[in-house]
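This report refers to the structure that appears directly beneath it.
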Amino acid sequence: MPLTDTRIRTAKPGASSRKLTDAGGLYLEVRPSGSKLWRYRYRIGGKENVFALGEYTQAKAGETKVQASKRMAGACLTLMEARTERDRARALVKQGIHPSHNRQAQQAARVSENANTFEAISREWIAQQRGNWSAYYLRQVESFMQADVYPYAGSLPIRQVNAAKMLEILQRVEKRAPSVAALLRQWCSAVFRYAVATLRAEADPVAALKGALSKPKVQHHKPLSRADIPRFLKTLDNTQAFRTTTIALKLLLLTFVRPGELRAAEWAEFDLDRAEWRIPAERMKMGDEHIVPLSTEALGLLRELHTLTGGQRWLFPNYRRPATCMTNTTLNRALERMSFNGKDTIGFSAHGFRATASTMLNEMGFRPDIIERQLAHAERDISRKSYNRAQYLGERRQMMQAWADHLDALAKGADIVPIHARPAA
């Protein structure tokens, strides 16, 4: 006879365990302690087995689905729920699967899923890629993921991070910085593809978001014009900024390296006697050592700077945090105070010195190969990359001195600056 709640509730414990049979292999074990436990008896391969379903409990009036779900997760089952679990177990037995083995597999999968969070897999992907990235790019990936993605999806199992969650994250960033949102979309998509390749995700939900974000408008760094340079140099000489800041801005104009490459420059990288600055590969965007020939004017500034910061690691230490280097904000704020950056100005930034030099050196007739090599732009032709790293150094030295002389002539008010004769091919 099938069990009823009344019969179960009134069942009294005895000196030993006893069984109250329901149907289809389901029974209730009543122990001397008073515990009432659901069991399912079944056979596979002619051998009898018993599967523990959970403990008996009464249905509570007004219980919500969420509350019932939590109760069942703790293996506390009503009569009806026990019958449902028995039916699921019977379906497995018909396939020759032990219900206990299936439960163990599900538990192992949950443990694995909880360990494979988005952040854990993301950091694993970053660790795998770091050998292919420059130190700058690595810091960029780590800092943006840490600030904008991990707080919202990092602790979630990666299989639970869906397209809706990623869209929410990316749109939040897009309001602040569309270009950063575009980068995060690219990096997160790569994390999901890595998870798919390592069998920890089924698909890349970010791929479904193509077109969901506005395409950031490319912001080209505005150069100084020929007419701007005398005013810039005169304003710089009269500014109230720290001398180290004015030297930094002048060196950016003379060397046209990236602002980050100058700000993080260390005295150990310089050989003033040979008039060379060798920027290590790990500090370069493209991951190759870069040689900067130093003009007479640049050497003069560096020797002056050495009297100010030569006893420290950095050329431009951070005054508030001497263990670090100058921030990019310092340079752009100085340009703002000089009315070259910010609202109602020409919109010039510290990165614009590179565009300034590129534009004017081309006008002066220097070969594009030499200019591009000195700008440390990526060589797309792999067969030429190694070749170009060792070439043009003599011509680059001449170009850097000609550039310094050109700037000096403009500062002195020259109306016409001689154009450099292009070497014969």
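Points worth noting:
- Of all residues in the stretch 277-297, those that are assigned to a strand (DSSP E or B) have Cβ atoms under 7 Å from Cβ atoms of residues that are among the acidic types (Asp, Glu), 6 or more apart or on another chain, in TRP277/GLU269; ARG278/GLU269; ARG278/GLU289; ILE279/GLU261; ILE279/GLU269; ILE279/GLU289; ILE291/GLU276; PRO293/GLU276.
- GLN104 being over 13 Å from the mean Cα position of the chain (by Cα) and not hydroxyl-bearing (Ser, Thr, Tyr): yes
- Failed criterion for PRO223 (all others in (1) in a helix (DSSP H, G or I); (2) in contact (Cβ under 8 Å) with a residue 12 or more places away in the chain hold): (1)
- Any hit, the stretch 57-70, residues being in a strand (DSSP E or B) and under 18 Å from PRO2 (Cβ atoms): no
- The stretch 245-270 residues that are on the phi < 0 side of the Ramachandran plot and in a loop (DSSP other than H, G, I, E, B), paired with ones that are open to solvent by 10 Å² or more (accessible area, probe 1.4 Å) and among the aromatic types (Phe, Trp, Tyr) (beta carbon under 8 Å, 6 or more apart): ALA264/TRP314; ALA265/TRP314
- Restricting ALA147, ALA203 to residues that are hydrophobic (A, V, I, L, M, F, W, C), assigned to a loop (DSSP other than H, G, I, E, B), more than 30 Å from ALA411 (Cβ to Cβ) and open to solvent by 50 Å² or more (accessible area, probe 1.4 Å) narrows the list to ALA203.
The rows are residues; the columns are (1) open to solvent by less than 10 Å² (accessible area, probe 1.4 Å); (2) touching an Asp or Glu at 6+ places or on another chain (Cβ under 9 Å).
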| position | (1), (2) |
| --- | --- |
| THR244 | yes, no |
| LYS250 | no, yes |
| LEU253 | yes, no |
| ASP271 | no, no |
| ALA275 | no, no |
| PRO280 | no, yes |
| LYS285 | no, yes |
| PRO293 | yes, yes |
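- Within the stretch 151-197, considering residues that are touching a residue at least 40 places away in the same chain (Cβ under 8 Å) and assigned to a loop (DSSP other than H, G, I, E, B), the one least open to solvent (accessible area, probe 1.4 Å): VAL161
The values are calculated or read from the model by the stated rules, or taken from the named source; none is laboratory data. Small disclaimer: the values here were computed from a predicted structure and weren't measured. Because the Cβ atoms are built from the backbone with ideal geometry, glycine has one as well, and the counts that use them run over all protein chains shown. The area values use the complete protein model at the heavy-atom level, side chains included, leaving out ligands, DNA and RNA. Shrake-Rupley method; radii C 1.70, N 1.55, O 1.52, S 1.80 Å.
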